[in-house]
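Since every read-out is calculated from the coordinates, none of them should be taken as a lab result. What you see is a predicted model, and the numbers here were worked out from it, not measured in a lab. All Cβ positions, glycine included, derive from the backbone under ideal geometry; neighbour counts span all protein chains shown.
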Amino acid sequence: MSLLEVCQWINDTGPATALRESEIAFPIVESIHVLAIALMAGTVSIVDLRLLGIVLKKEPVSQVAEEVLPLTWAGFALMAISGAMLSAAEAVKLYTNPAYRIKLVLLFLAGLNPLIFHSTVYKSVSAWNEWPRPPARARVAAICSLTYGVQSSSPDAPLLITTEICRCFLFFTGSTTPRSARRCGIRPRPSR
């Protein structure tokens with residue numbers, strides 16, 4: 001069974017057809033999806049802006065993260081469920097849409113960012129938790145997070161961040177040698 005056949009099967013299920021053909025349910029689910037994206041993006045942005053040292057400078061990073069995390073997870077859950085429902089309702093249409101495929105890749109990368117951040121930079125949060133301006137790697141993680149969020153919500157401009165993704169990956173992994181940077185098409189800055 002090909003992927004197109006799977007999409008056709010999903011598209012033809014009763015719930016997907018009912019949602020697609022409903023004049024009331026589809027807009028409601030779509031509205032919930034948009035509001036969930038706003039909730040998740042808003043709470044993540046608060047943490048990102050704290051990591052950049054722009055807002056809540058007197059609050060410990062871990063406290064800010066702990067306070068918004070429940071709302072972030074709620075937004076994520078609502079976004080994932082409503083997004084799956086909308087995708088099922090238009091599975092065949094979305095299968096042929098290259099912008100949708102790029103969006104899925106960017107959403108995957110956006111999900112990798114916090115995973116990498118929490119398994120690397122955030123492990124040492126106790127050392128810099130109360131700094132008004134966290135270390136460079138934490139700030140880069142915040143920039144990556146904000147960039148992915150903007151790009152994954154805008155299917156018209158996703159290819160603009162390829163170099164930024166490489167930079168973030170190289171920075172997180174510590175592979176910032178001139179050779180590794182050139183592999184991603186990034187010119188290393190000359191020594192000062």
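Data for the structure
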{"quantity": "Spatially proximal lysines relative to K93 (Cα-Cα < 23 Å; intrachain offsets below 8 disregarded)", "calculated": "K103"}
{"quantity": "Radius of gyration and maximum dimension Dmax of the range 59-109, Cα, Å", "calculated": "15.3, 47"}
{"quantity": "Distance (nanometres) between label positions extended 7 Å along Cα→Cβ at L71 and W131", "calculated": "2.6"}
{"quantity": "Positive-end residue of I81, F26, I54, charge dipole of the range 1-96 with Cβ unit charges", "calculated": "I54"}
{"quantity": "Whichever aspartates and glutamates have a C-alpha closer than 20 Å to that of K57, once near sequence neighbours (fewer than 8 apart) are set aside", "calculated": "D48, E66, E67, E130"}
{"quantity": "Calculated FRET efficiency for the pair F108/E59, C-beta based, R₀ 25 Å, to 0.05", "calculated": "0.25"}
{"quantity": "Estimated FRET transfer efficiency (I28, L3; beta-carbon r; R0 30 Å; 0.05)", "calculated": "0.55"}
{"quantity": "Distance between modelled label sites at L49 and T96, nm, 7 Å Cα→Cβ extension", "calculated": "4.2"}
{"quantity": "Among 25-35, 41-51, 75-85, the order from most to least packed when residues are scored by Cβ within 10 Å on average", "calculated": "41-51, 75-85, 25-35"}
{"quantity": "Estimated FRET transfer efficiency (L35, K123; beta-carbon r; R0 41 Å; 0.05)", "calculated": "0.80"}
{"quantity": "The range 1-96, Cα convex hull volume normalised per residue, Å³", "calculated": "122"}
{"quantity": "Lysines whose Cα lies under 28 Å from that of K58, excluding same-chain neighbours fewer than 8 positions away", "calculated": "K123"}
